[in-house]
Structure formats: structure tokens, C-alpha cells
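Just below is one structure, and these are the notes that go with it.
The values are calculated or read from the model by the stated rules, or taken from the named source; none is laboratory data. Not measured: the values here are computed from a predicted model. We place every Cβ from the backbone using ideal geometry, glycine too, and count neighbours over all the protein chains shown. The area values use the complete protein model at the heavy-atom level, side chains included, leaving out ligands, DNA and RNA. Shrake-Rupley method; radii C 1.70, N 1.55, O 1.52, S 1.80 Å.
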Amino acid sequence: MLSERTLRLLACPRDQRPLIPSDPSTPLGASAALICGEGHRYSIVEGIPVLLRDDVEQTHWAAVLSLESARLGAALDDWAAPAPREGVHHFVQEAIGATGGNLYRSLIGRLPKYPIPDIPLEEGRGRTLVDIGCNWGRWTIAAARRGYRPIGIDPSLQALLAARAVCAQLGVDADFVIGDARHLPLRSASIDTAFSYSVIQHFSKTDAAQAAADIGRVLAPGGTALVQMPNVYGVRCLVQQARRRFREPQKFEVRYWSPPELRRTFERAIGPTRLSVDGFFSLNAQPAEADLLPVHLRALVQTSAALARVANHVPPLVNVADSLWVRASKP
């Protein structure tokens with residue numbers, strides 16, 4: 001069930017009007033839908049609001065399934081199965097190759113524990129954070145442990161049901177809402193920090209710019225956005241582009257950005273922007289999770305982290321890193 005504080009932050013993704021339960025006399029979890037003053041109605045499935053627009057083209061097939069669940073008023077198949085008391089949720093076991101990156105492929109179905117990274121943000125001290133494209137909640141959990149009040153947003157109902165179960169298993173307090181990064185279901189100027197990792201890079205550049213603009217809309221004055229994006233000039237990124245013969249990306253394939261392009265896009269959408277290095281040789285693996293990997297991959301991640309520390313003191317090296325942090329501040 002959503003907390004009251006999160007419910008107060010929600011807004012219609014069409015017109016940004018506040019959302020209220022369709023039956024205010026019942027608890028949110030017992031309500032069938034949320035509605036705005038213009039009459040737009042959004043179903044609640046298994047206690048999770050489906051705040052997607054059905055009048056736009058979706059960025060991911062998971063959104064189509066979530067809208068179908070909303071139409072039926074129920075989760076599909078066994079999506080709502082609870083997490084085990086011990087061990088790793090079956091959804092995470094299968095999804096780790098996508099959410100953790102290619103380095104995790106050998107661990108699909110074999111994860112001994114949840115890979116939770118260290119989020120590179122200052123202490124939250126109870127401030128709000130929206131994790132855009134949170135999937136099963138890897139970074140949402142990291143933010144909660146850092147002292148934030150996180151709201152995970154993702155187009156996949158299946159992923160968010162898993163995220164909620166994992167948070168319950170780990171004793172983490174977080175809320176989850178189905179939504180679209182381009183049309184965030186949040187009130188304007190309501191969020192202290194916006195975070196996104198390995199998500200917006202999959203959007204067309206037009207959609208990515210729209211997502212950045214909506215992040216700028218929901219951030220409160222003085223708020224910060226931290227978004228991971230791939231660098232077109234990174235060695236690993238160049239190899240990946242060569243493998244697809246430098247053709248235009250399709251569907252959910254990664255789009256590669258130049259550092260000046262990233263600065264322009266996020267400065268226009270949010271405010272003053274600076275770039276720093278997340279890593280080399282990979283877009284997803286983090287040092288805090290390296291102990292889960294085979295020895296040779298563990299060494300690669302540790303080498304990447306060491307190079308990132310050097311690069312963040314030698315600004316020109318930012319231009320050849322594979323994975324970049326884009327940090328934008330709203331005036």
C-alpha cells in the first residue's frame with residue numbers, strides 16, 4: 001500500500017492535476033482507482049497505481065502488459081507471488097542479466113544475494129527521491145539505505161511487484177508506482193532528487209530530451225538530478241557500436257551520446273550540468289557488487305573503479321569513459 005506522503009505527491013500524467021482515490025472513504029489499497037479533477041482514471045492493481053498514458057506510444061513492451069493488467073484489474077500470471085523468506089526472488093534471478101548488465105550473465109538463476117550498489121549521493125536525511133526506471137528496485141533500495149524516502153517508478157507491473165516483495169524481504173521502506181519517464185506521475189516542483197540508471201539511454205534522443213524536461217518539471221528548486229548515460233567515445237561503447245555497424249539504433253537498443261550533447265540536453269531541461277565518470281568497460285556493474293562476479297570480471301570492475309577515481313581528477317578523461325554520470329541542478 002502506498003504511503004500517504006507519496007499519495008500527496010502523485011499527479012495525473014496527462015495534466016499534472018492531483019490524484020485522489022476514486023472512493024475517498026476507503027483506504028488506498030482498497031480503492032479501485034485514482035482520478036484527477038479532469039476525470040482521468042487510473043487503475044490500482046495489487047495496490048500499485050498504473051499511472052501510464054494510453055494515448056501515447058510506449059517506450060517498452062512492459063508498459064503494454066501493465067496497461068492490460070489495468071484493464072483486467074488484476075496482475076497477469078503469477079506476478080504477485082511473494083518473495084521467498086530466504087534467498088533471491090525468482091524475478092531478480094531472471095532479470096539480473098538485464099538490470100545488472102552483461103557482466104552478470106553467468107549469474108542468471110544463480111545469484112546468492114541481492115546486488116545492491118552504493119548510490120553516489122550525499123545523505124538523504126529524509127528527502128524525497130524518485131528512481132526512474134527502477135525495475136526490481138536495486139537503486140531504490142540503495143537510496144533508502146542512504147536515508148532518502150524513495151519512490152520507484154517503472155512501466156513494468158511485474159518488476160514493481162517484485163520490487164515491493166524484495167523491499168519487504170529486506171526491511172526497506174519504499175513506494176512504487178507504474179509510470180513513464182516522459183510523463184512522470186508526480187506534481188511539479190515536488191521532488192528533491194531524481195535518479196536514473198541505465199534507462200534513459202535506451203530512449204530515442206527525442207524521448208530522452210522529453211524525459212529530461214519532465215525531470216526538470218518535477219524537481220523542486222535547488223533539486224538535483226543524477227542520471228547515468230553512455231558516452232559515444234568510450235572504448236567499450238565504440239566496440240558495441242561497431243558490432244551493429246554504426247547503424248541507427250532500434251526499439252530499446254542503447255543510444256550513445258557525446259559529452260557536449262549531454263550537457264546541452266540536460267542544461268536546457270534542468271539547469272547547470274556537469275559530467276563525471278561512472279566507469280569504464282561496462283555500463284552497469286558497480287564496485288559494491290563485485291564480490292558476486294567471477295574473479296576475472298571482479299578485477300575488471302575494480303580496475304574500472306580505479307580509473308574512474310583518476311578520471312574524476314583529470315577532466316579530459318571524462319571524454320573517453322564508457323559510462324557517465326550527468327548531474328544537473330535546478331536553480
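Label point 7 Å out from Tyr233 along Cα-to-Cβ: which residues of the range 259-275 have amide N under 13 Å? Only 259-263 fall inside the zone, counting backbone N under 13 Å. Placing +1 on the Cβ of every Lys and Arg and -1 on the Cβ of every Asp and Glu, with nothing else charged, gives the range 212-331 a dipole about its Cα centre of roughly 320 debye. Taking H as built 1.01 Å from N, whose amide H comes closer than 5 Å to the amide H of Arg149, not counting residues under 5 places away? The list, which skips near neighbours in sequence, is Gly126, Arg127, Thr128, Leu129. Charge dipole (Cα centre; +1 on Lys/Arg Cβ, -1 on Asp/Glu Cβ; no other charges) of the range 191-268 amounts to roughly 440 debye.
Taking 0.36 nm per residue of separation and subtracting the Cα-Cα distance, what length does fully extending Asp118 through Leu76 add? Please list the in-between numbers first.
Values: separation 42, 0.36 × 42 = 15.12 nm, distance 3.28 nm.
This chain segment gains 11.8 nm when fully extended.
The share of accessible area on the range 171-303 that comes from carbon and sulfur is 53 percent, using a 1.4 angstrom probe. Working from the Cα coordinates of the range 82-170, the gyration tensor eigenvalues give, after taking √(5λ), semi-axes of 22, 14, 13 Å in decreasing order. Packing, taken as the mean count of other beta carbons within 10 Å per residue, orders the peptides 109-116, 232-239 from highest to lowest as 232-239, 109-116.
Each Lys and Arg Cβ is given +1 and each Asp and Glu Cβ -1; about its Cα centre, the chain then shows a dipole of about 900 debye. Close amide H contacts of Val45 (hydrogens built in the peptide plane, cut-off under 5 Å, sequence separation of 5 or more or a different chain): Val50.
The phi torsions of the range 185-200, fed into the Karplus equation with coefficients 6.51, -1.76 and 1.60 and a -60° offset, translate into couplings of x, 9, 5, 5, 6, 10, 10, 6, 9, 10, 9, 7, 10, 6, 10, 5 Hz, rounded to whole numbers, with Gly and Pro shown as x. For the listed peptides 213-224, 134-145, a ranking on the average number of other beta carbons within 10 Å per residue, highest first, reads 134-145, 213-224. Rounded to 0.05, the FRET efficiency of the Gln302 and Asp23 pair, given R0 = 45 Å and the Cβ-Cβ distance, is 0.25.
Give the Debye-formula value of log10 I(q)/I(0) at each listed q (0.07, 0.09, 0.14 Å⁻¹), with one equal scatterer per alpha carbon of the chain, two decimals each. Debye intensities relative to I(0), on a log10 scale: -0.27, -0.45, -1.13. Taking every Cα-Cα distance in the range 126-195 and sorting them into 5 Å bins starting at zero, the pair-distance distribution P(r) comes out as 4, 20, 32, 25, 15, 4, 0 percent. Equivalent-ellipsoid semi-axes for the range 127-285 (Cα gyration tensor, √(5λ), whole Å, largest first): 26, 19, 14.
Normalised by residue number, the volume inside the convex hull of the Cα atoms of the range 1-89 is 128 Å³ per residue. Ligands, DNA and RNA are left out, and with a 1.4 angstrom probe the accessible area of the range 9-94 is 52 Å² per residue. As a length-normalised measure over Cα pairs under 8 Å and 6 or more apart, the relative contact order of the range 151-195 settles at 45 percent. Considering the dipole of the chain built from charges on the beta carbon (Lys and Arg +1, Asp and Glu -1) around the Cα centre, which of Val45, Ser329, Tyr114 is farthest to its positive end? Positive-most Cα among the choices belongs to Ser329. Dipole of the chain computed with +1 at Lys/Arg Cβ and -1 at Asp/Glu Cβ about the Cα centre; of Cys237, Leu161, Ala81, farthest Cα towards the positive end is Cys237.
Per residue, the range 110-208 exposes an accessible area of 30 Å² to a 1.4 Å probe, with every protein chain left in place. Farthest toward the positive end of the dipole of the chain, out of His313, Ala11, Ile35, is the Cα of His313, where the dipole comes from beta carbon charges about the Cα centre.
Seen from all directions on average, the range 59-214 presents a Cα convex hull projection of 9.6 nm².
Backbone geometry of the range 251-259 corresponds, through the Karplus equation with coefficients 6.51, -1.76 and 1.60 at θ = phi - 60°, to 3J(HN,Hα) couplings of 6, 9, 5, 5, 9, 9, 10, 7, x Hz, x marking Gly and Pro. Computed from backbone phi, the HN-Hα couplings of the range 61-77 come to 4, 4, 5, 5, 5, 5, 5, 5, 4, 5, 5, 7, x, 7, 5, 7, 6 Hz, rounded to whole numbers (Karplus: 6.51 cos²θ - 1.76 cosθ + 1.60, θ = phi - 60°; Gly and Pro given as x). Once you reduce the range 1-76 and the range 90-117 to the center of their Cα atoms, the two points are 29 Å from each other.
For the chain, taking a cut-off of 4.7 Å between Cβ atoms, the unpaired cysteines are Cys134, Cys167, Cys237. Over all directions, the projected convex hull of the C-alpha atoms in the range 179-252 averages 5.5 nm² in area. Maximal additional length on extending the Asp291-Ile108 stretch stands at 64.3 nm, based on 0.36 nm per residue less the C-alpha distance. Highest-first packing order for the peptide set 68-81, 315-328 is 315-328, 68-81, based on the mean count of other beta carbon atoms within 10 Å.
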